[in-house]
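J.: Right, I'll just put the structure down here and ask away after.
Each reported figure results from applying straightforward, stated rules to the coordinates on display, with no laboratory input. Bear in mind the structure is a predicted one, so any value in this text is a computation, not a measurement. Cβ placement follows ideal geometry from the backbone for every residue including glycine, while neighbour counts extend to all protein chains displayed.
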Amino acid sequence: MFLTPGLVLFAFVFLAAIVELFATSFTDWAIGRDISFVGLKNYIELLTTDKGFPTSVKNTLVWILLQSTFHVFIGVSVALILAKKKWYSNSVRVIYFIPNVISSAAIGMLFTCMMNPQFGLVNKLIEKITGDPFTQNWFMSPDTAFGTVTATWLPYAGLVTILVMAEMSSIPEEVFEAAKIDGATSFQSDIYIVLPLMRNIIGTSTILAATSMLQKLDIIMMTTSGGPGYRTMNMPMYLYQTVFSNNNYGLANAQGVLLILLGVLCLVIIRKLYRMDED
């Protein structure tokens, strides 16, 4: 009975939209003409003749892998360091979490200014060090675009750090005292006590990090719009362009279905890897 309001809200807001998404992915749908059923045509086009979609899938998968490994590793490492309750822990915790409370669009604009080829801070700093003019266009060069876009979010794992630290606070202090009496070092306590007990929350953080790459649109839009070419194109950005630039809602909804299926696949794989269903 108490779940009913939430289930009704979910059904109207999410479930109905998902059903409509799946249904319209089999249609030819564009503003200005009637909707017509085309079967699997949209999916066949995406997987065979569409040049940009495979690249967007590849980039999305690479970003999911980086976010699930390097990003989470940074967040967990910072959490283990800050949990030692050093004098600088509170200050570092606040500073490190700042990018998570700032709008992604604002961060995109910040990096656009920092990486500007003419007056950007990064190029000016390199000029000062080398003494030679330096006008690298970080976001629009095919050699640096992907890495530069990745750097705008990959190191900022403040949410992972907060989640892991919150879970660490639930570990009884007696466990660490017993390990210390047995001769365990601080590093050994982290490896053999903390990390195994943190398996579920690290798995949850990995799921959040991986699925965030299936929603990443604003920073890419503010910096490269998927360019140069398709070098930094991901699935959400390609879907956006299919709708608003090409006026092809049927094809975009087919992309949306594949995006949902990829998210479900990530969820299942990560839960299996971290054995999150086990005690």
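J.: With respect to Glu167, is the statement that it is exposed (fewer than 15 other Cβ atoms within 10 Å of the Cβ) and either without any contact (Cβ under 8 Å) to a residue 40 or more places away in the chain or not small (Gly, Ala, Ser) (or both) true?
T.: no
J.: Could you check the stretch 124-138 and list, in sequence order, the residues that are of a type in the set (S, T, N, Q) and farther than 16 Å from Thr112 by Cβ?
T.: Answer for the stretch 124-138, where residues must be of a type in the set (S, T, N, Q) and farther than 16 Å from Thr112 by Cβ: just Thr130.
J.: Can you say whether Val38 is touching a residue at least 40 places away in the same chain (Cβ under 8 Å) and either touching a Leu at 6+ places or on another chain (Cβ under 7 Å) or surrounded by 14 or more Cβ atoms within 10 Å (Cβ to Cβ) (or both), as far as the supplied structure shows?
T.: yes
J.: Filter the helices (runs of 4 or more DSSP H) completely within the stretch 122-221 down to those with at least 3 residues that are small (Gly, Ala, Ser) and under 28 Å from Ser56 (Cα atoms).
T.: 145-151, 199-212
J.: Still on this structure, I have one more. Among the numbered conditions (1) among the aliphatic types (A, V, I, L, M); (2) assigned to a helix (DSSP H, G or I); (3) surrounded by 14 or more Cβ atoms within 10 Å (Cβ to Cβ); (4) in contact (Cβ under 8 Å) with a residue 40 or more places away in the chain, tell me where Ile98 comes up short.
T.: (3)
J.: When you go through Gly256, Gly263, Gly250 one by one, which is the residue that is under 16 Å from Arg33 (Cα atoms) and either of a type outside the set (Val, Ile, Thr) or assigned to a helix (DSSP H, G or I) (or both)?
T.: Gly250
J.: Let me ask you something else. Scan the stretch 75-95 for residues that are surrounded by 13 or more Cβ atoms within 10 Å (Cβ to Cβ) and out of contact with any Ser or Thr (no Cβ under 7 Å at 6 or more places or on another chain) and jot them down.
T.: Across the stretch 75-95, the qualifying residues are Val76, Ser77, Leu80, Ile81, Ala83, Ser89, Val92, Arg93.
J.: Within the stretch 218-239, can one find any residue that is surrounded by fewer than 16 Cβ atoms within 10 Å (Cβ to Cβ) and hydrophobic (A, V, I, L, M, F, W, C)?
T.: no
J.: Give the residues of the stretch 44-59 that are more than 19 Å from Phe244 (Cα to Cα) and in contact (Cβ under 8 Å) with a residue 24 or more places away in the chain, sorted by residue number.
T.: Result: Thr55, Val57, Asn59.
J.: I need the full set of residues from the stretch 213-225 which are under 17 Å from Asp143 (Cα atoms) and without any contact (Cβ under 8 Å) to a residue 40 or more places away in the chain, in order please.
T.: Across the stretch 213-225, the qualifying residue is only Ser225.
J.: Which residue out of Ala184, Ala178, Ala252, Ala166 is under 30 Å from Ile31 (Cβ atoms) and over 15 Å from the mean Cα position of the chain (by Cα)?
T.: The unique qualifying residue is Ala252.
J.: Looking at Thr48, Thr27, Thr60, Thr55, can you tell me which residue is surrounded by fewer than 11 Cβ atoms within 10 Å (Cβ to Cβ), polar (S, T, N, Q) and closer than 25 Å to Val264 by Cβ?
T.: Thr48
One line per residue, one yes/no per condition, for (1) free of Cβ contacts under 8 Å to residues at least 40 places away in the same chain; (2) more than 17 Å from Val257 (Cα to Cα); (3) not in a loop (DSSP other than H, G, I, E, B):
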residue: Leu9; (1), (2), (3): yes, yes, yes
residue: Leu21; (1), (2), (3): no, no, yes
residue: Asn42; (1), (2), (3): no, no, yes
residue: His71; (1), (2), (3): no, yes, yes
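J.: Just wondering, is there one or more residues in the stretch 125-139 that are surrounded by 11 or more Cβ atoms within 10 Å (Cβ to Cβ), among the hydrophobic types (A, V, I, L, M, F, W, C) and within 25 Å of the chain's Cα centre (by Cα)?
T.: Checked against the condition, which is being surrounded by 11 or more Cβ atoms within 10 Å (Cβ to Cβ), among the hydrophobic types (A, V, I, L, M, F, W, C) and within 25 Å of the chain's Cα centre (by Cα), the stretch 125-139 yields at least one hit.
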